[in-house]
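The values are calculated or read from the model by the stated rules, or taken from the named source; none is laboratory data. What you are looking at is a predicted structure, and each value in this text was computed from that prediction instead of being measured. Because the Cβ atoms are built from the backbone with ideal geometry, glycine has one as well, and the counts that use them run over all protein chains shown. Ligands, DNA and RNA are excluded from the accessible area calculation, which covers all protein heavy atoms including side chains. Shrake-Rupley method; radii C 1.70, N 1.55, O 1.52, S 1.80 Å.
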Amino acid sequence: ELGADAAADLRAGTLVLAAGTGIGTAGRLEIEASVITATSSDSGAIDLANLASSSVVAILLQVGSDGGAMETGAITFAQTGGFALSVLAASTQNGSIQLSNTNANLSVEAVSAGRATGSGASGVSLATTSSGNIYLGLVEAPGDTVAISAAGSVEESTSDAAADVVAEALTLGAGAGI
């Protein structure tokens, strides 16, 4: 991001972003894509705003993927445009994860916010605003908080006996039921 604007900096049907020390760290990177992968192999945050023009699949959002030392960095992914967002996998080794969608559903399959011993916050925040349900696969924030706020309802994405949320604390809010 060079300057503070609301227009998409990158547009593509499929967008693959890979960096060593963060994506959007100098300022939120505005994108417009329907299939997204974003990885930061070392320490460094991922901060993306997707201006959706169709339903979106985020295949992988990941900080700390090089297999080396414990990498630190948060993930923030905010979508607008009124189209569904499905996040297949989002993970940090040591950092929080914030996923949001405005005016449409948010589905998450596997979200895991890691936390190093004695480190700062590494919780998970999921939200839909104005309208939209949240569908949960597995959301993990061991030793921290998972906060879920849906304009519509909070639902399980697939019916199973396993836990959908693993955390020290859980906050749930929904306009239409849980």
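Scanning region 15-28 for residues that are open to solvent by 40 Å² or more (accessible area, probe 1.4 Å) and not in a loop (DSSP other than H, G, I, E, B) yields VAL16, ALA18.
Only residues that are surrounded by fewer than 19 Cβ atoms within 10 Å (Cβ to Cβ) and over 16 Å from LEU106 (Cα atoms) were counted in region 145-178, giving 11.
Scanning region 123-171 for residues that are assigned to a strand (DSSP E or B) and under 19 Å from ALA84 (Cα atoms) yields a total of 18. Do we have ALA89 as farther than 24 Å from ALA167 by Cα and modelled with pLDDT of 95 or more here? In short, no. Counting only residues that are more than 12 Å from GLY173 (Cα to Cα) and open to solvent by 40 Å² or more (accessible area, probe 1.4 Å), region 123-144 holds 6 of them. One residue stands out in region 104-118 among those that are modelled with pLDDT under 95 and over 11 Å from GLN93 (Cα atoms): the one that is surrounded by the most Cβ atoms within 10 Å (Cβ to Cβ), namely THR117. Filtering THR145, THR129, THR102 for residues that are closer than 26 Å to SER43 by Cα and free of Cβ contacts under 8 Å to residues at least 40 places away in the same chain leaves a single hit, THR145.
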